[in-house]
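**Q** Please read through the structure below; I'll follow up with questions.
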Amino acid sequence: MKISKTAAVAAGVGALASGLALAQYPILDSAAQKTIAKYQSATCEQLWEARGKPKSPEEQKMVELLRSDPQRRTYFLNKISGPVANKMFECGMIP
């Protein structure tokens, strides 16, 4: 089976575009993974205790970035919302 040159180029462009979409925000991907890991590995007691404590300088910087860029904020929140919300629900932190 032969593939036309146009189809091969289109497939290559599609693969490149999807790869770029996955790597759009590598720093946010890393921060999201850290956030998810933090919630998944913490006990409910640890999460309740941490809730009232000040954020680290790194966390404060990330929050400011997310506040200033709605597109990045949406990207980040879409990545973490499921795992974090589930853990918060299990811990009685949200109804």
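The values are calculated or read from the model by the stated rules, or taken from the named source; none is laboratory data. Remember, it's a predicted structure, so these values are computed and weren't measured experimentally. FYI the Cβ positions are ideal-geometry reconstructions off the backbone, even for glycines, and counts take in every protein chain you see.
**Q** In the range 65-89, which residues are under 25 Å from Q24 (Cα atoms) and in contact (Cβ under 8 Å) with a residue 12 or more places away in the chain?
**A** R72, Y75, F76, K79, I80, P83, V84
**Q** Does the range 65-73 contain at least one residue that is surrounded by 11 or more Cβ atoms within 10 Å (Cβ to Cβ), within 16 Å of the chain's Cα centre (by Cα) and not in a helix (DSSP H, G or I)?
**A** Yes; the residues of the range 65-73 include at least one that is surrounded by 11 or more Cβ atoms within 10 Å (Cβ to Cβ), within 16 Å of the chain's Cα centre (by Cα) and not in a helix (DSSP H, G or I).
**Q** Same structure again: So which residues in the range 45-64 are without any contact (Cβ under 8 Å) to a residue 40 or more places away in the chain, more than 13 Å from A32 (Cα to Cα) and touching a Phe, Trp or Tyr at 6+ places or on another chain (Cβ under 9 Å), if there are any at all?
**A** Answer for the range 45-64, where residues must be without any contact (Cβ under 8 Å) to a residue 40 or more places away in the chain, more than 13 Å from A32 (Cα to Cα) and touching a Phe, Trp or Tyr at 6+ places or on another chain (Cβ under 9 Å): there is none.
**Q** Turning to a different aspect of this structure: Taking the conditions exactly as written (under 18 Å from the mean Cα position of the chain (by Cα), surrounded by 11 or more Cβ atoms within 10 Å (Cβ to Cβ) and among the small types (G, A, S)), does A85 satisfy them or not?
**A** The answer is yes for A85.
**Q** What is the number of the single condition among (1) at pLDDT 95 or above; (2) surrounded by fewer than 15 Cβ atoms within 10 Å (Cβ to Cβ); (3) not in a loop (DSSP other than H, G, I, E, B) that L47 does not meet?
**A** Only one criterion is unmet by L47, namely (2).
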